[in-house]
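For reference, the structure is listed below as structure tokens.
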Protein chains: 2
Amino acid sequence: MSEPITLIQPEWIVPVEPANTVLRDHDIAIAGEMIHELLPRAAAAERYPEARRIPLPGHLLTPGLVNLHTHASMALLRGVGDDMALKPWLEKRIWPLEARLMSREFVFDGAVLACDEMLRGGITCFNDMYFFPEAVADAARALGMRASLGIIVIDFPSAYGAGAADYLRKGLELRDRLGDDRLMSFCLAPHAPYSVGDDNLRQVATLANELGLPIHIHVHETDQELSDSIARYGVHPLERLDQLGLVGPDTIAVHAVHTSPAELDLMAQRGVSVAHCPHSNLKLGSGIAPAAGWLERGINVGIGTDGSASNNRLDLLGEARTAALLAKGSSGQADIWSAHQVLHSLTLAGARALGLGERIGSLKPAKYADMVAFDLRATELQPVYDPVSQLIHAAGRAAVAEVWVAGRHVVHMRQARTPAAQTLIPEVVARTRMWQNRVGDTLSGNAAP
Amino acid sequence: MSEPITLIQPEWIVPVEPANTVLRDHDIAIAGEMIHELLPRAAAAERYPEARRIPLPGHLLTPGLVNLHTHASMALLRGVGDDMALKPWLEKRIWPLEARLMSREFVFDGAVLACDEMLRGGITCFNDMYFFPEAVADAARALGMRASLGIIVIDFPSAYGAGAADYLRKGLELRDRLGDDRLMSFCLAPHAPYSVGDDNLRQVATLANELGLPIHIHVHETDQELSDSIARYGVHPLERLDQLGLVGPDTIAVHAVHTSPAELDLMAQRGVSVAHCPHSNLKLGSGIAPAAGWLERGINVGIGTDGSASNNRLDLLGEARTAALLAKGSSGQADIWSAHQVLHSLTLAGARALGLGERIGSLKPAKYADMVAFDLRATELQPVYDPVSQLIHAAGRAAVAEVWVAGRHVVHMRQARTPAAQTLIPEVVARTRMWQNRVGDTLSGNAAP
């Protein structure tokens, strides 16, 4: 082997594959960007006597978390639209603000804030949908994060592009440009059935097939979306998407709150993945998604935070805990979505939805070393009967101590540590006052035309 | 004035009374245990030129949080009963473990862990229901916390007492003994309608009237509780309690998940307070409480964490956020339970339920100085459009920086700081290994008889 070995030595490792496994006093041997092997501590000492060691007593090591749906840059709009339902939230707050503020700079600054929050919360990979994805890529690369960038498609123009064709062209150009960056991958991201017409959706389906890209789309988020679709197209959005060829194993259905048993069956048959965003669904009053129905059917369920404007935090660990509790409480089945299954949703399920299941999502030899170490030594976590239960149900993201992405140690002692991060984050924080003033001026009608 | 003044100088103060108020660049003047006044910073500088100052730039100051329902000592049982419904959870896990482990030491050690967790999470007062309340009192006093202690009543014997009469006698003795401690108050705490018979409930009602004590009781937690009550008593528990004189303005109805509109009307008419514990209700698969129904009727709703064995954390701020989101999502009304209203539930509503509404729960002159300062300067909280929204929806308990109880500065830079706390907490953490072994032995059937 050419790369030197580093041994990470936590108290517990939960590799996610194989399922329901807790390895105690094992080392994980990292070589460059990749996981080399997992082995008992004593065996590691014998096999790699010269290796660099990172001892992590009282820590739990898991795969990095995958945020399966977000709009990172909306970090700059956190809290501007509380206590509003989706339609007025979009039409009275978000779209007017975006119309006024959208720029490469806005997207970049918001994404830097979001990446810092996500990375320090144990998220190593996020699936983004927004304008100016090149600015999101720049932010993620600066912090050393993995990102799945949305090639956005929406029928209305913006500061980013003139319309669907222009958005597609720009997104595909970006994909060509970043083709060499192993941290960057892409989805086609038609915004929603109500904001993208049939022709553009057909074009997305064709491109997805040709290029082997996942399709990342909001669907069945509210009751009103369903009734509007019936009025306009005579069918529910899911059926319309299916007719247009957008419902398959590469589809990431975001939200899917309102789905009949027959629609759940269709999703299972087609092999669709779900990006479940319970906080956003609750906060916008959209409803409670049928998580028990997904799990019963074996649908691949990942978790997403959605954007900070409808959540209002990018705390995937907290999101997953709510997902599990809400599934139990709304179904009356206390035994569904165990802590181990939740960790699977947070990691491997998200990776598979993004087409990255062979590269990340579990701690297996020859996968990228995307990993999080949680410090479980806090008073409120004693005693630890089961580290996975403790992680999901008791520890919050405050327990995230160390993070690696592709073998690079990007968070140390809870702080982002790439040189670019250390320069950028204070600069962007300083600029938030300016963004705050511009948002305030727009909302109060005082913005310059 | 006899006591010297200390000026606390946060960026924002939210006093809760008056409602929906954010004071910017104000000082709060503390004299001994009490709040003396709130005034603009410039005026404070002029009026109190000699006062000690505690500048808190970027911090939000609120009243201390009131945890309206917990079993603090169950911190030692965190995570031993995941993925189980209430009845098997109680009958197969909790009651057998308690039968084996219950002792003054168990209750004390668990309560120390819980108090440390709660206090560092901004909780200054908790309403407890457990055996050996004197041990809970000792833990709270050591950390400088305010507690409302349950005079437990349950029909079965335990290591603490021989039965209801014995529990009452011991609880009332404790109340006499601690009568001088202004941090300690009491509730009568009949466990639940299914675990306390009519005669003992009547006795509780009589004592509550004579002594002016609140009644703290689990009620309508599960569907099964309702059907069992119909089978045994011919009526739902709430109606039975009403017939026995236990439903009134001094009643704290814990959970109240399954309640008909007529029962909600009764609760409103009687002036009952609710202790809403959404995480526990969800986790045990009990269901989703009708929070929108409470709020519409003007019922006084406080928030509780329940014990760590069914939550599994004592994070009241997180609990309240879930309460608000769940109310919005389950009712479809995105505009209910605003962040300001949530903060009211977390503070004044809880204080009023405990009969302490004149003493704590808001930042008003002549109330005790029970206060929390949240540091809102983290990257993920920038920019701050609205500090109350940011507190409830974006900041977690990790933002708690400083805590005062009755003017005493009990948490500084996120750490408990009374001398007793600094000695006790590491001692108790060291003993958790012993408790873990005893719990493990009991669950595996290896415990000594």
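How large is the helix-only mean residue ellipticity at 222 nm for chain B, computed as the sum of -39500 (n - 2.57) over DSSP H runs with n ≥ 4, divided by its residue count, in deg cm²/dmol to the nearest 500?
Values: 15 runs with 161 residues, N = 449.
Roughly -11000 deg cm²/dmol at 222 nm, from the helical runs in chain B.
If we hang a label 7 Å off Cα along the beta carbon direction at B:Gly179, how far is it from the matching labels on the other copies, in nm, shortest first?
Distances between equivalent label points, in nm: 8.6.
If you average the alpha carbon positions of region A:379-449 and of region A:263-285, how far apart do those two centres end up, in angstrom?
Going from one Cα centre to the other spans 26 Å.
Kindly provide the trypsin sites (Lys or Arg not before Pro) of region A:24-81 that DSSP labels as loop, not H, G, I, E or B, and whose Cβ sees at most 12 other Cβ atoms within 10 Å.
For trypsin sites (Lys or Arg not before Pro) across region A:24-81 that sit outside H, G, I, E and B with at most 12 neighbouring Cβ atoms in 10 Å, the list is empty.
Using alpha carbon centroids, what distance separates region A:46-121 and region B:1-44, in Å?
When both Cα centres are located, 36 Å separates them.
Work out the FRET efficiency for A:Glu91 and B:Asp176 from their Cβ-Cβ distance, taking R0 = 51 Å, and round it to the nearest 0.05.
0.25
Find how much the distance from A:Arg202 to A:Ala420 grows on full extension, using 0.36 nm per residue of separation minus their present alpha carbon separation; answer in nm with one decimal.
Stretched out fully, the A:Arg202 to A:Ala420 stretch lengthens by 74.5 nm.
Using 1/(1 + (r/R0)^6) with R0 = 41 angstrom and r between the beta carbons of A:Met434 and A:Tyr385, what's the FRET efficiency to the nearest 0.05?
With R0 = 41 Å, the Cβ-Cβ based efficiency is 0.25.
Classify region B:65-353 as rounded, prolate or oblate from the Cα gyration tensor: take a ≥ b ≥ c as the square roots of its eigenvalues, call it rounded if a/c is under 1.5, otherwise prolate when a/b beats b/c and oblate if not.
Rounded is the answer for region B:65-353, as its axis ratio a/c remains below 1.5.
Expressed as an acute angle from 0 to 90° and rounded to the nearest 10, what is the orientation of the C-alpha long axis of helix A:261-270 relative to the principal long axis of chain A?
Relative to chain A, helix A:261-270 is tipped by roughly 60 degrees.
Can you compute the modelled spin-label distance between B:Glu46 and B:Asp155, with each label point 7 Å from Cα toward Cβ, in nm?
6.8 nm
On a straight-distance basis, which aspartates and glutamates could pair with A:Lys367 in a cross-link, Cα separation under 20 angstrom, same-chain partners fewer than 8 positions away excluded?
A:Glu3, A:Glu17, A:Asp27, A:Glu33, A:Glu37, A:Asp180, A:Asp181, A:Glu358, A:Glu402
Report the calculated FRET efficiency for A:Glu296 and A:Arg232 (r = Cβ-Cβ distance, R0 = 35 Å), to the nearest 0.05.
Once the sixth-power term is evaluated, E becomes 0.65.
In a GNM of chain A with a 10 Å cut-off on Cα contacts, which of A:Arg146, A:Arg321, A:Arg169 has the highest mean-square fluctuation?
A:Arg169
Find which of A:Gly287, A:Gln422, A:Leu238 sits farthest along the positive direction of the dipole of chain A, computed with +1 on the beta-carbon of Lys and Arg, -1 on that of Asp and Glu, about the Cα centre.
The one lying farthest along the dipole's positive direction is A:Gln422.
Put a label point 7 Å from Cα along the Cβ direction on A:Ala42, then list its distances to the equivalent points in the other copies in nm, shortest first.
Going from nearest to farthest copy, the values are 7.4 nm.
Using the alpha-carbon atoms, what tilt in degrees (0 to 90, nearest 10) does helix A:133-143 show relative to the longest principal axis of chain A?
Tilt of helix A:133-143: around 20 degrees.
Check the axis relating chain B to chain A and name the residue of B whose C-beta is nearest, distance in whole Å.
Residue with the nearest Cβ, plus whole-Å distance, for chain B: B:Ala398, 2.
In straight Cα distance, which lysines are under 21 Å from B:Lys328, not counting same-chain residues fewer than 8 positions off?
Output for B:Lys328: A:Lys87, A:Lys92, A:Lys283, A:Lys328, B:Lys283.
Would you mind telling me which residue in B:Thr418, B:Thr222, B:Thr379 has the biggest mean-square fluctuation in a Gaussian network model of chain B, where springs connect alpha carbons within a distance under 10 angstrom?
Looking only at B:Thr418, B:Thr222, B:Thr379, the largest GNM fluctuation is found for B:Thr379.
Measure nothing but the geometry: give the 0 to 90° angle between the long axis through the Cα atoms of A:198-211 and the longest principal axis through the Cα atoms of chain A, rounded to 10°.
With rounding to tens, the tilt is 30 degrees.
Have a look at A:Asp265, A:Asp375, A:Asp128 and tell me which one the Gaussian network model of chain A (Cα, springs below 10 Å) gives the largest fluctuation.
In this elastic network of chain A, the residue with the biggest mean-square fluctuation among A:Asp265, A:Asp375, A:Asp128 is A:Asp265.
Might you report the magnitude of the Cβ-based charge dipole of chain A about its Cα centre, with Lys and Arg at +1 and Asp and Glu at -1, to the nearest 20 debye?
Roughly 720 debye for chain A.
Where the label is 7 Å out from Cα toward Cβ, how close does B:His412 come to the same position in every other copy, in nm, shortest first?
Label point to label point, same position, other copies: 3.1 nm.
Rounded if a/c is under 1.5, else prolate if a/b beats b/c, else oblate: with a ≥ b ≥ c from the C-alpha gyration tensor eigenvalues square-rooted, which is region A:245-380?
Here region A:245-380 falls in the oblate category.
What net charge is computed for the residues neighbouring B:Thr305, neighbours being all others with C-beta under 12 Å from the C-beta of B:Thr305, Lys and Arg scored +1, Asp and Glu -1? Walk me through the intermediate numbers first.
Working: positive: B:Arg78, B:Lys283, B:Arg313, B:Arg397; negative: A:Glu380, B:Glu117, B:Asp128, B:Asp306, B:Asp315, B:Glu319.
The answer is -2.
Compute the orientation-averaged projected area for the protein assembly as shown from the convex hull of its Cα atoms and round it to one decimal in nm².
For the Cα atoms of the protein assembly as shown, the hull's average projected area reads 37.9 nm².
Over chain A, what is the mean sequence separation of C-alpha contacts under 8 Å (at least six apart), divided by residue count, expressed as relative contact order in percent?
On the way: 972 pairs, mean separation 94.7, N = 449.
Value for chain A: 21 percent.
Enter the mean projected area of the convex hull around the alpha-carbon atoms of region B:150-300, in nm², rounded to one decimal.
9.4 nm²
Assign one of three labels to region A:272-328, namely rounded, prolate or oblate, based on the Cα gyration tensor with a ≥ b ≥ c the square roots of its eigenvalues; rounded applies when a/c is under 1.5, prolate when it is not and a/b is larger than b/c, and oblate otherwise. It would help to have the intermediate numbers written out before the result.
On the way: a/c = 1.83, a/b = 1.66, b/c = 1.10.
In terms of gyration-tensor shape, prolate.
Any read-out appearing in this document is the output of simple, stated calculations on the displayed coordinates, not a laboratory observation. Worth saying up front: this structure is predicted, and the values here are computed from it rather than measured. Using ideal geometry, Cβ is built from the backbone for each residue, glycine included, and neighbour counts are taken over all protein chains shown.
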